[in-house]
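The block underneath contains the structure these notes are about, expressed in structure tokens.
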There are 2 protein chains.
Amino acid sequence: MTDAEPRWLSDEDQHVWRQIIAVINMLPARLERELQRTHGLSLHDYQILVQISEHPRQEVRLSDLAEATQQSKSRLSHQMTRMENAGLVARRNCPTDRRGAYAVLTEEGWDALRAAAPTHVESVREHLMDVMTPAQKQVVGEAFGAVAAKLRPAARATVCPSTEEC
Amino acid sequence: MTDAEPRWLSDEDQHVWRQIIAVINMLPARLERELQRTHGLSLHDYQILVQISEHPRQEVRLSDLAEATQQSKSRLSHQMTRMENAGLVARRNCPTDRRGAYAVLTEEGWDALRAAAPTHVESVREHLMDVMTPAQKQVVGEAFGAVAAKLRPAARATVCPSTEEC
DNA sequence: AAAGGGTCATTCAAGTTTCAACTAACTCCG
DNA sequence: CGGAGTTAGTTGAAACTTGAATGACCCTTT
């Protein structure tokens, strides 16, 4: 911002902020393009495969999956349908709660994940991890850890500001 | 990742990576919600208003604007139409190149920007800048500066790898 | 001055995401 | 039991994004 509008952040802060925006804008797009090109998967697809694979019995309740991947249930539902059509995942109904469903990986889904993972990791290294020094990574990890913690839903606490009578 | 798939990143790197993803996933969403709630603007709207306001004569060629805001011309074109309908911006045709067009702010656009800026800056402070120590900000700025630089289109250099005869 | 090859911006069609219902099933409590 | 209130997940339409195709124009070359 120049002087055309209210003062903002200090010059230093502003510089930092711009770098962060730039990375936020470009990094996911780049990772997505590479994943798409090499394995025909979107970043969303990939994240879902990873999440399912990481769960104890390789099955996840859809709600949990939605929360873990930070998206609405609706969006996940559409996405699951697409991935189901692509043969990557399947839905299984939950024996203990008949409303519920599990997302599971198909053989093909496992194969896709195993194939894509090394490439994706390579991208992450190339564009991010290998660009930072170990010392920088350490600090970034701490700083972003704090930022992420503050952004998270925050169980209780902030829900009732002190002015409310709850 | 557990042991179910190929080794990844070191534990430390992985931790850092997760924090970064978390921020990338949550921060823009949060800023958007707050901007939307307080001033009815999307983050895209806001970034466009800012970009136009920052240019010398408060008019920007659409191509430049597309590049500056990291989006396709197509997307920008649609977005401009929406913002034009909302009364925030206008298109003016370029006198020297009859293919081209400038994006300019309307009075209403200026008002919206002036009104939204302080709130938005406050959000950025609250969720990001004030959560990091000055030392952390410094390091993050440097590290992300390097990452962003490497992600950028890279004028020339990488276009002709040394093996080519150009 | 006409041809060829570029660029600027919009449009189209296809895909994705959002939003607001909606159904079905579960829980709780009188 | 039985009905109010919740929760899980789906649906369909509208809004948005994307990439390719298009149209209009500019620039160099011959």
Collect the residues in the stretch B:33-43 that are within 12 Å of DNA strand D (Cβ to nearest atom) and in contact with a helix residue (DSSP H, G or I) (Cβ under 8 Å, 6 or more places away or on another chain), keeping them in residue-number order. B:Leu41, B:Ser42, B:Leu43
Could you tell me whether the stretch A:2-20 includes any residue that is away from DNA strand C (no atom under 16 Å from the Cβ), under 16 Å from B:Ile21 (Cβ atoms) and out of contact with any strand residue (DSSP E or B) (no Cβ under 9 Å at 6 or more places or on another chain)? yes
Which of the residues belonging to the stretch B:51-70 are surrounded by 18 or more Cβ atoms within 10 Å (Cβ to Cβ) and touching a Ser or Thr at 6+ places or on another chain (Cβ under 9 Å)? B:Ser53, B:Ala66
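Are any residues in the stretch B:121-141 assigned to a helix (DSSP H, G or I), crowded, with 17+ Cβ neighbours inside 10 Å and either within 7 Å of chain A (Cβ to nearest Cβ) or without any contact (Cβ under 8 Å) to a residue 12 or more places away in the chain (or both), and if so, which ones? Walk me through how you get there before you give the answer.
Let us first name the residues in the stretch B:121-141 that are assigned to a helix (DSSP H, G or I), namely B:121-127, B:129-131, B:134-141.
Those still in the list that are crowded, with 17+ Cβ neighbours inside 10 Å too: B:121, B:123-124, B:127, B:129, B:131, B:136-137, B:139-141.
Scanning the stretch B:121-141 gives B:Val121, B:Val124, B:His127, B:Met129, B:Val131, B:Gln136, B:Lys137, B:Val139, B:Val140, B:Gly141.
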For the stretch B:71-87, check the following and say yes or no: at least one residue is away from chain A (no Cβ under 14 Å), touching a Gly at 6+ places or on another chain (Cβ under 7 Å) and either crowded, with 17+ Cβ neighbours inside 10 Å or part of a helix (DSSP H, G or I) (or both). no
Can you name the condition, by its number, that A:Arg30 falls short on among (1) more than 8 Å from chain B (Cβ to nearest Cβ); (2) charged (D, E, K, R); (3) within 13 Å of DNA strand D (Cβ to nearest atom)? (1)
Within 13 Å of DNA strand D (Cβ to nearest atom), modelled with pLDDT of 95 or more and of a type in the set (Phe, Trp, Tyr): which single residue out of A:Tyr46, A:Tyr102 fits that description? A:Tyr102
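Can you name the residue in the stretch B:50-70 that is in a helix (DSSP H, G or I) and within 15 Å of DNA strand D (Cβ to nearest atom) and, of all such residues, is nearest to A:Ile21 (Cα to Cα)?
Residues of the stretch B:50-70 in a helix (DSSP H, G or I): B:50-54, B:62-68.
If we keep only those that are within 15 Å of DNA strand D (Cβ to nearest atom) too, we end up with B:62-63, B:65-68.
Working: B:Leu62: 21, B:Ser63: 20, B:Leu65: 16, B:Ala66: 16, B:Glu67: 14, B:Ala68: 12 Å.
Selected residue: B:Ala68.
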If we keep only residues of the stretch B:82-125 that are under 18 Å from B:Pro56 (Cα atoms) and basic (Lys, Arg), then the residue farthest from DNA strand C (Cβ to nearest atom) is B:Arg114
State whether one or more residues within the stretch A:98-113 are out of contact with any helix residue (DSSP H, G or I) (no Cβ under 9 Å at 6 or more places or on another chain), loosely packed, with under 15 Cβ neighbours inside 10 Å and either in contact (Cβ under 8 Å) with a residue 60 or more places away in the chain or more than 22 Å from B:Trp8 (Cα to Cα) (or both). yes
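The values are calculated or read from the model by the stated rules, or taken from the named source; none is laboratory data. Computed from a predicted structure; not experimentally measured. When we count neighbours, we look across all protein chains shown, and the Cβ atoms used for this are built from the backbone with ideal geometry, even at glycine.
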